[in-house]
Amino acid sequence: MASDEKESVLLRGSRFDVHMMHLPGSDGKIYEREVIRHPGAVVLLPLIDRDTVVLIENQRPTVGKTLLELPAGTMEMGEPPESTAVRELAEETGFRAERFTLVHEFYSAPGISDELMYLYVADGLTAGEHDREAVEKIENRIATRSEITEWIRSGKIRDGKTLIGLYAFLHSPLIDV
């Protein structure tokens, strides 16, 4: 936060807080903007092999739909991103990985939130039991490169972090398993 900006807390939540920013305008007035202060999150690209990804079908009550997504999760206070990646992969999918490789960092929605997301490739996977939260309604969905290409083309995948991760999978020289 820049030194000329002021904030007040509107809401303290279990996963993030909502603040009111007081921003000086070029006209000399002070403008208020609500902003989400978020501890950060990880998004995982679990690769079974160079052409096969573990996705999840995740029921999202906020949008009233089940979305096709990459596994992801919020960092706990003080938790390093790679530790979150290990935890979330096992919790949401049941898979464990031999390696986690950081590919990108990106802001999920910088107009309203400071959430920084860390995209990790997880490979050397071993299947196991998931440990989903009681409110999570998730099913694993194994997908091939050609299926992913078609699902993106047809609009079946609508989650932003998933699109970023899958475009990296399809087009990035940084991902080579």
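Here are some notes:
- Which numbered condition Asp131 misses (of (1) over 17 Å from Leu55 (Cβ atoms); (2) modelled with pLDDT of 95 or more): (2)
- Count of residues meeting criterion [open to solvent by 40 Å² or more (accessible area, probe 1.4 Å) and either under 19 Å from Ile112 (Cβ atoms) or assigned to a strand (DSSP E or B) (or both)] in the range 14-31: 8
- Contact map, the range 64-89: first residue open to solvent by 30 Å² or more (accessible area, probe 1.4 Å) and of a type in the set (Phe, Trp, Tyr), second residue part of a strand (DSSP E or B) and modelled with pLDDT of 95 or more, Cβ cut-off under 6 Å, separation 6 or more or different chains; the map is empty.
- The range 134-146, residues that are open to solvent by 30 Å² or more (accessible area, probe 1.4 Å) and under 14 Å from Ile56 (Cα atoms): Glu136, Lys137, Glu139, Asn140, Arg141, Ile142, Thr144
- Within the range 50-63, the set of residues being touching a residue at least 12 places away in the same chain (Cβ under 8 Å) and either within 13 Å of the chain's Cα centre (by Cα) or within 17 Å of Ala134 (Cβ to Cβ) (or both) comprises Leu55, Ile56, Asn58, Gln59.
- Count of the range 42-63 residues which are surrounded by fewer than 20 Cβ atoms within 10 Å (Cβ to Cβ) and of a type outside the set (Ser, Thr, Tyr): 9
- Taken residue by residue, the range 119-133 has no member that is aromatic (Phe, Trp, Tyr) and surrounded by fewer than 15 Cβ atoms within 10 Å (Cβ to Cβ).
The values are calculated or read from the model by the stated rules, or taken from the named source; none is laboratory data. Keep in mind the model is a prediction, meaning the values are calculated, not measured. Quick reminder, even Gly has a Cβ in these numbers, built from the backbone with ideal geometry, and neighbours come from all protein chains shown. The accessibility values were calculated without ligands, DNA or RNA, using every heavy atom of the protein model including side chains. Shrake-Rupley method; radii C 1.70, N 1.55, O 1.52, S 1.80 Å.
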